[in-house]
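I have placed the structure first, in the form of structure tokens, so that the comments after it can refer back to it.
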Amino acid sequence: MAGETMRTGRMVIALAATAVLTILLFVAVPEDYMLWIKALHIISVIAWMAGMLYLPRLFVYHVDAEKGSVQSETFKRMESRLLRAIINPAMIATWVFGLWLAWKSFHFMGGWLHAKLLLVFLLSGLHGYLSAAQRKFANDANTKSARHWRMVNEIPTVLMVLIVILVVVKPF
């Protein structure tokens, strides 16, 4: 339990340091702050997607591990740490920086932006589904097959491709 508290503390410190660094960048280079916001948004999206692609893959392997085995316990730690240290903070940062960009740059205009937001809501819903699944795995209560998790593993990729197309091409 003490290790969990230390990890949570380090995560909070890292998020606070990122926030302070971001504020300092705005103060130091106010004319370029939107470029910094865009860069931070892209970095956050990459981190979020990396985790969203990896977590279901861990579930595929975890399904085959015997409950209570060393392997199963290792998967539980990996899944928990991935979710709390990478996926959750990256999703939060993605939303914060993305909404900031939408508010300051696009003023929520254009059908492509609304479609992108819909897809990001779906990705956030998938995030919630994976979070609930991680809790089930942690309690040895998973009822889904490896095949299910292989199929779920493809959803973030499809959403990411559609989102990138909407952002770059702006088809409508």
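What follows is calculated from the coordinates using simple rules that are stated; it is not laboratory data. Note that this is a predicted model, so its numbers are computed, not measured. Every residue, glycine as well, gets a Cβ built from its backbone with ideal geometry; the counts of neighbours run over all protein chains shown.
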So for each of 88-97, 74-83, 162-171 I average, over its residues, the number of other beta carbons within 10 Å; can you give me the resulting order with the highest mean first?
88-97, 74-83, 162-171
Gaussian network model of the chain, springs between alpha carbon atoms under 10 Å - residue of Ile155, Ile43, Ile13 with greatest fluctuation:
Ile13
In nm, to one decimal, how far is the Val167 label point from the Tyr61 one, both placed 7 Å along Cα→Cβ?
2.8 nm
For helix 33-63, what angle does its Cα long axis make with the longest principal axis of the chain, in degrees from 0 to 90 and rounded to 10?
20 degrees
Would you calculate a helix-derived [θ] at 222 nm for the chain, using -39,500 (n - 2.57) for each DSSP H run of n ≥ 4 and dividing by the full residue count, to the nearest 500?
-26500 deg cm²/dmol
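Treating only the Cβ atoms of Lys and Arg (+1) and Asp and Glu (-1) as charged, compute the dipole magnitude of the range 34-169 about its Cα centre; round to the nearest 20 debye.
Values: 14 positive and 6 negative charges, 28 e Å.
That gives the range 34-169 a dipole magnitude of about 140 debye.
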Once both label points are put 7 Å beyond Cα along the C-beta direction, the Trp95-Ser131 separation in nm becomes 0.7 nm
Of Ala19, His127, Ala141, which is farthest along the charge dipole of the chain in the positive direction, counting Lys and Arg as +1 and Asp and Glu as -1 at C-beta?
Ala141
Post the alpha-carbon centroid distance, the range 13-32 to the range 135-156, in whole angstrom.
38 Å
Any chance you could count the Lys pairs in the range 34-169 whose alpha carbons are under 21 Å apart, treating pairs 8 or more apart or on different chains as valid?
9
